[in-house]
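Okay, so here's the structure we're looking at.
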Amino acid sequence: MNFSILTAANHKELGIYYVWFAFLFSIVGTLLSVLIRLELTSSGLRIVALENQNFYNLAFTLHGAIMIFFVVMPGLYGGYGNYFLPIYLGASEVAFPRVNCISLLLVPIAWVLVSTSLISEFGSGVGWTLYPPLSTSLMSLSPTSVDLIVFGLAFSGISSFLSSVNFLSTIAVLGVTNGAKPWCLFTWAIVFTAIMLIGTLPILTGGLLMLLLDLHLNTQFYDASFNGDPVLYQHLFWFFGHPEVYIIILPAFGVISQTLSTSAGKLVFGGPSMILAMGCITVLGSLVWAHHMMTVGLETDTRAYFSAITMMIAIPTGTKIFNWLSTFMGNPFSTISLDIWYALSFIFLFTLGGTTGVVLGNAAVDVALHDTYYVIAHFHFVLSLGAVIGLICGYFYFQDSMFGYTANVFTRNTSDSPYLRVWSIVFLFSILLTFIPMHLLGFNVMPRRIPDYPDYVTYLNTMCSIGSISTVFILYSLIL
């Protein structure tokens, strides 16, 4: 048996391991999302038993945690970052190869801990945000399962932190060789991502540690009955949680920039402004955490501040969108390859998701739409349709370097295959069918995280479920 993963220190080998882990974990995360959509196909309880509605809570908790911490981050940041950062820097290896191996090995350990929380006692049906008092209530939940998911997130965070230190050290020490590409936007995306991770992960770790102390040592940091404050946890969590959105999407920005630049045969239009835009996103994205908390009783001037800064993020993001379009439109392509198709899909979907984010940035609108399906539609357009499309785009763009000549190791379809072109178009329409009706569900004030709903929104939920299930069949057809 080959145990090379335990001793691997080559950055390319570790990058491929990261991508494979992301692929394997995505199967579970996707099936959990389909389970949610099957339950919501029509009103009434279909899969979830009336006496065990906590199972629905388990499904969306693990779906969120898996897709964020074990699919997108290992794939985009760990996988593509490890493989291509030293290459773009002209370095032979990352600064600390053994630390790189430890970072990889922590990912499956974290996965086992988070997955085990599903089967321990009552399960951790607390949402991926782990809000107290729900997560600290010994009356309704299992402390063991909350422990497991907290430790799983902690191990995942340590892995990301070590990778970030490694990447920044590599750039600082080895990135000054003659082979370095100063305008490589993928490298700059990794730089800003690492800075955000190093700045915010300790805050999350402190918040989770206080959660564990509340749960086991009766410290009551978050217990309002004893002068604690559950809103404190929200501040600590979202100080990491909102930069996490940009931690996920910035490597995707780098992938899209490289794809368009390579296909156009020139540098991305406005390269320095693209780097400045990522820097502005890094700074502003760390100052807007409380827009997730507009309904907790913040003062009016505080909400006005967070609303204003939230909408300001649209400026550097819009800069990147127009620069990408300028890069693409300045070059007449005789044929649009599959990676270009996914890059354009990313631009379209991310722009749409960002527009709904500006809508939610308005505090008055957010109070009305908070915890409705409009919020789900917004962040899935940015993450599910943005980061995941970026992950797929990177796969087709980097395939020759990472996996050889083929885009599909099962069917041997090349990236120019008509089959894959049709597949990508149908896949795009399926995910649009899944998430566009959710905006209307939000305007009809359908709440999140509830397995039942009134009959008058059944048709919209049925459309979402059809799109979700068809997406799975389309993904399955890719590997047949």
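Bear in mind that the values in this text are calculations on the coordinates, not laboratory data. Given the structure is predicted, the values throughout are model-derived calculations rather than measurements. Neighbour counts run over all protein chains shown; Cβ positions are idealised from the backbone, glycine included.
Of the residues Leu215, Leu85, the one with the fewest other Cβ atoms within 10 Å heads the list, and the complete ranking is Leu215, Leu85. Taking the Cβ of Gly64 as the center, what net charge do the other residues with Cβ under 15 Å away carry, scoring Lys and Arg +1 and Asp and Glu -1? My count for the surroundings of Gly64 gives +1.
If you take the square roots of the eigenvalues of the alpha-carbon gyration tensor of the stretch 1-84 and sort them as a ≥ b ≥ c, do you get rounded (a/c under 1.5), prolate (a/b over b/c) or oblate? Judged from the Cα gyration tensor, the stretch 1-84 comes out prolate (a/c at least 1.5, a/b above b/c). Would you mind counting up the charge near Gly44? Only other residues with Cβ under 11 Å from its Cβ, with Lys and Arg at +1 and Asp and Glu at -1. After counting each charged neighbour, the total is -2. Distance between the C-alpha centres of the stretch 359-409 and the stretch 58-126: 17 Å, rounded to the whole angstrom.
The local environment of Val94, defined by Cβ-Cβ distances under 15 Å, has a net charge of 0 under the rule Lys, Arg +1 and Asp, Glu -1. The calculated FRET efficiency for the pair Glu51 and Leu31, based on their C-beta separation and a Förster distance of 30 Å, comes to about 0.80. Ordered by the count of other Cβ atoms within 10 Å of each Cβ, fewest first, Ser163, Ser115 give Ser115, Ser163. Only one item in (1) 71, 48, 48; (2) 62, 56, 47; (3) 96, 61, 53 matches Cα extents along the principal axes in Å derived from the coordinates shown, and that item is (2).
Each of Ser42 and Leu134 was given a label point 7 Å from its Cα along the Cα-to-Cβ line. The distance between the two points is 2.8 nm. The packing ranking of peptides 67-78, 278-289, 377-388, 447-458, highest mean first, is 67-78, 377-388, 278-289, 447-458, where packing means the average number of other beta carbon atoms within 10 angstrom of each residue.
First check a/c for the stretch 1-180, with a ≥ b ≥ c the square roots of the eigenvalues of its C-alpha gyration tensor; if it is under 1.5, answer rounded, and if not, answer prolate when a/b is larger than b/c or oblate otherwise.
Because a/c hits 1.5 or more and a/b exceeds b/c, the stretch 1-180 counts as prolate.
Summed over qualifying helices (DSSP H, 4 residues or more, each -39500 (n - 2.57)) and divided by its residue number, the chain shows a 222 nm mean residue ellipticity of -23000 deg cm²/dmol.
Using a/c under 1.5 as the rounded threshold, could you call the stretch 229-340 rounded, prolate or oblate? The axes a ≥ b ≥ c are square roots of the C-alpha gyration tensor eigenvalues, and prolate needs a/b larger than b/c, oblate otherwise. Here the stretch 229-340 falls in the prolate category.
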